[in-house]
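Structure first, commentary second.
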Amino acid sequence: MQTECVLLVAVIPDPAKLEEILTGFLDLGIRGATIIESQGMGKLLGHEIPAFAGLQSLISGSRPENRTLFSVIDDPDKVAAALRLLQESSGGAEEPATGIAFTITVSHVQGLAEDLRRESS
């Protein structure tokens, strides 16, 4: 029987917070995540498309670079704890440019490392 998993996606606007977040994930027992460099719409429109050059100044807190984190998690308690950790590390999700996090239900997972599959069964 396969446990229901979720995909946690988090955009982290301050790359300096990444080490704190990943260490926190390890402390929570979350052993896998993928991190990619990403950029927000404000940067792309403000720098890459000349017609929108003034837009970046209108977008409060627009940052030049973000990190986007993806993690498949099979324990609802770990998901809740990871979301709390992300909120605490960002200084509060109520403020602009502090990141975004959400989960998506995953109906099938393949390709997890053997030790991760053992932990989830």
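The values are calculated or read from the model by the stated rules, or taken from the named source; none is laboratory data. Bear in mind the structure is a predicted one, so any value in this text is a computation, not a measurement. Please note: Cβ atoms are built from the backbone with ideal geometry, for glycine as well, and neighbour counts cover all protein chains shown. The protein model used for the area step is the full one, side chains on, heavy atoms only, and it has no ligands, DNA or RNA in it. Shrake-Rupley method; radii C 1.70, N 1.55, O 1.52, S 1.80 Å.
Summary table below
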{"quantity": "Inter-residue pairs, beta-carbon under 9 Å, first farther than 14 Å from R67 by Cβ and in the range 3-27, second in a helix (DSSP H, G or I) and open to solvent by 60 Å² or more (accessible area, probe 1.4 Å), 6+ apart", "calculated": "E4/P76; V6/P76; G24/E88"}
{"quantity": "Pair list, Cβ < 9 Å and 6+ apart or interchain, from the range 70-84 residues that are touching a residue at least 24 places away in the same chain (Cβ under 8 Å) and more than 19 Å from I35 (Cα to Cα) to residues that are assigned to a helix (DSSP H, G or I) and of a type in the set (S, T, N, Q)", "calculated": "D75/S120"}
